[in-house]
Amino acid sequence: GKMKLHKITLPPPIVAIIVSFGLMLNASATSWFVATDGNDTDNDGSAESPFATLAKAYDEAAESGDEIVVAPGTYVMAAQLTVAKAVTIRSSTGIAEDVKIDGNAKVTPLVLNHADAKLQDVCVQNGSGTSSGGGNVRIDTKGGRLERCIVRNGKLTSQGFTKRGSSG
């Protein structure tokens, strides 16, 4: 009753496919969570332990393809957040009115400056911009998208919504 072992040799292309597939699995997108009762110091940004601010979630969402999922509430922005990575910021409910990103009449809350930067189902309000544009949201030269968003009550010296880098 001796077992005989057989050595299996895979051709190099098959090995390469298996290795690259393993690497693709590791590169999966991460969801970071923000809630009004979250904590930027002690929490890890998981659904069970959300951050308190978009800025903290964005700083942690260093990888392209990640998303920031925002629970219902009003989030007053202390400073402008520039989204220059392929990151999506979206409400957890899919209802724009549930998540209010507020400039507190002091800052332009959000600047999108990446072709795959996205805002989905959020309300951006009460922003205050300068002549560089965008009382509430500015889409800069590298682009960005708003999907099913509400943009309201922005104040600035030009208009409330600006897309830079295009003529017409």
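Solvent-accessible area of L146, all protein chains in place: 50 Å² (probe radius 1.4 Å, heavy atoms, ligands and nucleic acids excluded). Residues whose amide H lies under 5 Å from that of R145, counting only those 5 or more places away or on a different chain, are A117, K118, L119; hydrogens are built 1.01 Å from N in the peptide plane.
For the listed residue pairs K85/K142; K56/K142; K106/K142; K85/K106; K85/K155; K100/K142, the alpha carbons are over 21 angstrom apart in K56/K142; K106/K142; K85/K106; K85/K155; K100/K142.
Note on surface exposure: D66, D98 rank D98, D66 by accessible area, highest first, 1.4 Å probe. For segment 50-146, the convex hull drawn through the C-alpha positions has a volume of 79 cubic angstrom per residue. S49 sits with roughly 30 Å² accessible to a 1.4 Å probe, with DNA, RNA and ligands left out of the calculation. For I150, I139, the ranking by accessible surface with the largest value first comes to I150, I139, using a 1.4 Å probe.
The values are calculated or read from the model by the stated rules, or taken from the named source; none is laboratory data. From a predicted model like this one, the values you see are computed outputs, not experimental measurements. Heads up: the accessible areas ignore ligands, DNA and RNA and are worked out on the full protein's heavy atoms, side chains in. Shrake-Rupley method; radii C 1.70, N 1.55, O 1.52, S 1.80 Å.
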